[in-house]
Amino acid sequence: MDLLIRDLAVPTLSRGLFVAERYCAVLAQQAIARNVPWSTLLEARLSDLAPSFCEHIDGAIDVARSGLVALLDFADDVPITMDRDLAGIKARLAQTIEYVGQADGTVFIDTDEKVEYVVGTMLPAFYLHLASAHAVLRSIGAPIGKSDYLGDLGGLYSAV
Amino acid sequence: MTGSIESVALPTMLRGLTLLDGYLVSAQEFCERRRISESSLLDAKLAPDMFTLVRQVQAAADNAMNGMARLAGVDAPAFADTESDFDALRARVANTFEFIESLPREQLAMAGERLIDQRYRGVRKTMPGTAYLLGFLIPNFYFHIFMVYGILLRDGVSLPPPPSSQAMDAVYARFEAIQTGGS
């Protein structure tokens, strides 16, 4: 049984973006619990030279959108908010989830080159940003665990 | 070969293990350059209740080895988890490469339909190999690799840039060698 490009890309991006939404909600809860501005926690990072939480979430969004553009003959015309506050990031995530949903309804043409792109570039880059956002949250003491990152085991892939 | 489970699972594991080995080389060089003990990095963790760097590397290698063994329907060798320096961790990664490259191709070809019984923190789920690979194995494998990345980045280690196309050429050369039965 072969895996189609859609099977490789769409459930992974959908699930990951939902996880990113959950991480943003956790960050908001942490800001309230600590009585610090959201902006402070959005800029939290593992070291001075490392990307911030906000940059990792935006990185995941960029990988999702640019990845689908690379895989599909499908214009990236779902509008995207550029505001750098928490509301802006949440809006970008919602817009990107909508974009992935639109892509799911289009025709993916499977080629060896596209499989190599997904496996070699898109998935590692996407998981790098998602896992790094998780790492930033854990490093500031947010009460999350790996099950937050993994979500429903295989749930979105049940039809694959 | 487009989209076969082998063409996704094998390059993913080779890709991740190559990244991981590069991180270990950078970490070892960092310790030598700074003249600090390797244990200062090996025992580091991102949060008190998270795995140390050593355990993250072992978990990534275990994921690759056990996950691929389950997909192929074969047993994986057990390791004692006794690594205490970067050379030993790199040897663990090298052993993992070797095991993955030795898996019987005809067994892997049937991995998509093979039912995998996955247990994780009290949840048990039986799923086809494809769902296991995409929904659990790949994200979990990368999780541990990028926790290593995070620990090293936090502790000031300069790490190789994200995967380049040149690096992928080496991964696919290795994958093609597996497919053709080469070394």
Selected residue (criterion: nearest to the chain's Cα centre (by Cα)) from residues of the range A:95-133 that are charged (D, E, K, R) and more than 8 Å from every other protein chain (Cβ to nearest Cβ): A:98
Residue satisfying condition, being in a helix (DSSP H, G or I) and of a type in the set (Val, Ile, Thr), within set B:74, B:93: B:93
Unique residue being more than 8 Å from chain B (Cβ to nearest Cβ) and either at positive phi or at pLDDT 90 or above (or both) when the list is A:138, A:84, A:92: A:92
Among the candidates A:47, A:66, A:52, residue that is within 14 Å of chain B (Cβ to nearest Cβ) and in contact with an Asp or Glu (Cβ under 6 Å, 6 or more places away or on another chain): A:52
Any helices (runs of 4 or more DSSP H) falling wholly within the range B:96-173 and containing at least 1 residues that are facing chain A (nearest Cβ under 9 Å) and under 15 Å from the mean Cα position of the chain (by Cα): B:138-154
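The values are calculated or read from the model by the stated rules, or taken from the named source; none is laboratory data. Every value quoted in this text rests on a predicted model; they were computed, and no experiment measured them. Cβ atoms come from the backbone with ideal geometry, glycine included; neighbour counts cover every protein chain shown.
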